Amino acid sequence: MTIPSKFHIKILTLFPEMFPGMLGMSLAGKALEKGLWSLETVQLRDYAEDNHKTVDDTPFGGGAGMVMKPDLLDKALRAHQPIGRFIYMTPRGKPLTQALVRELIQEPQLTILCGRYEGVDQRLLDAYQAEEICIGDYVLSGGEPAAMILLDACVRLLPDVLGNMETHNEESFENGLLEYPHYTRPALWTGPDGVERAVPEVLTSGHHGKVAAWRQAESEVVTKAKRPDLWEQYRAKTKKSK
Ligand code: SAM
């Protein structure tokens, strides 16, 4: 599938001023300036009907915290129709993986709902068939940083954002493995522990085949040691022995 040349994002949030935030800097920021992707924010509070601009209410069944109101969110969504996939950032979602990021950038547009408090009334999510995505097994105070992480991972893969597409192919998770270690000049370096460390000899050999084999082997070693879960999946896929 070809990746659309323009990626348009609509964010529904109680904190539009948080955007573009870090996405306005570095690679993503330059890409935003160049128009390779665009961002539109919707202030959910604008759709509150009372004088206090209430966006949440106490949970049915009792318990701590507040829940974002479905009627308010519906009003915002009717005024700003979701475009492309409609995503809700939540710890209860499917994990954000590199494979999912690759899938998301096939879409020209995404709408992302950022939760706050205890989250969003389930009926709204059901009615709009929200795709629930989690950025990791921990709880943030809001969906905005989660949306930024998702978008950062997407934007760097868009055509013309990062020059060398080969950079992506060898990166962690792309082929089911973590990446091999990197080294740069100086070839000999003494650390604060007084130990002089050299870069692995093969990397200065100029032998491309040997470098590639060493990198593949290192990727396998590091994945096996640090991410046995990924290693098992890789092994099953490639029929590698233990
Ligand atoms: N009560 C929720 C739970 O236990 O699953 C946590 C709510 S959290 C305090 C508020 C909002 O932050 C969520 O609605 C969601 O939008 C966002 N959020 C928190 N952790 C997240 C994560 N790991 N991935 C994606 N979004 C997250």
How much net charge surrounds E179 when only other residues with a Cβ under 10 Å from its Cβ are counted (Lys, Arg +1; Asp, Glu -1)? -3
Between helix 143-155 and the chain: long-axis angle, C-alpha atoms, 0 to 90°, nearest 10: 50
Per the Kirkwood formula on distinct C-alpha pairs, the Rh of the chain is how many angstrom? 20.8
Value of [θ]222 nm, deg cm²/dmol, for the chain, DSSP H segments ≥ 4, -39500 (n - 2.57) each, nearest 500: -9500 deg cm²/dmol
Percent antiparallel among DSSP beta bridges (both partners in the chain, rounded to 5): 20
Which of the trypsin sites (Lys or Arg not before Pro) found in segment 39-139 are in a DSSP loop and have at most 16 neighbouring Cβ atoms, other than their own, within 10 Å? K53
For segment 102-178, what does the equivalent ellipsoid look like in terms of its semi-axes, each the square root of 5 times an eigenvalue of the Cα gyration tensor, given largest first in whole Å? 28, 15, 11
Per-residue Cβ neighbour rank within 10 angstrom, fewest leading, T13, T97: T97, T13
Out of T184, T58, T111, a Gaussian network model of the chain with alpha-carbon springs under 10 Å gives the largest mean-square fluctuation to T184
Could you give the length gained on full extension between K242 and K53, defined as 0.36 nm per residue of separation minus the Cα-Cα distance, in nm? 62.1 nm
Pick out which of A146, A130, A213 has the largest mean-square fluctuation in a Gaussian network model of the chain, springs linking Cα atoms closer than 10 Å. A213
Arrange the following residues from fewest to most other Cβ atoms within 10 Å of their Cβ: S172, S141, S241. S241, S141, S172
Cα-Cα P(r), segment 175-241, percent of pairs per 5 Å interval: 3, 16, 20, 18, 15, 15, 8, 4, 1
Enumerate by residue number the chymotrypsin sites (Phe, Trp or Tyr not before Pro) in segment 5-79 meeting two conditions: DSSP loop (anything except H, G, I, E, B), and at most 16 other Cβ atoms within 10 Å of the site's Cβ. F60
Ignoring solvent entirely, what values of log10 I(q)/I(0) come out of the Debye formula for segment 1-94 at 0.13, 0.16 Å⁻¹ when each Cα is a single scatterer? -0.60, -0.84
If I take R0 = 51 Å and measure r between the Cβ atoms of F60 and E174 in this structure, what FRET efficiency does the formula 1/(1 + (r/R0)^6) give, to the nearest 0.05? 0.70
Based on the Cβ-Cβ distance of A187 and R92, what FRET efficiency does E = 1/(1 + (r/R0)^6) give at R0 = 51 Å, to the nearest 0.05? 0.55
Taking R0 as 35 Å, what FRET efficiency do you get between K226 and K30 from their Cβ-Cβ distance, rounded to the nearest 0.05? 0.65
Potential lengthening between D71 and E132 on full extension [0.36 nm per residue; Cα-Cα distance subtracted]: 20.0 nm
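None of the figures in this text is laboratory data; all of them are computed from the coordinates on show. Given the structure is predicted, the values throughout are model-derived calculations rather than measurements. In this analysis, Cβ positions are derived from the backbone assuming ideal geometry, glycine residues included, and neighbour counts consider all displayed protein chains.
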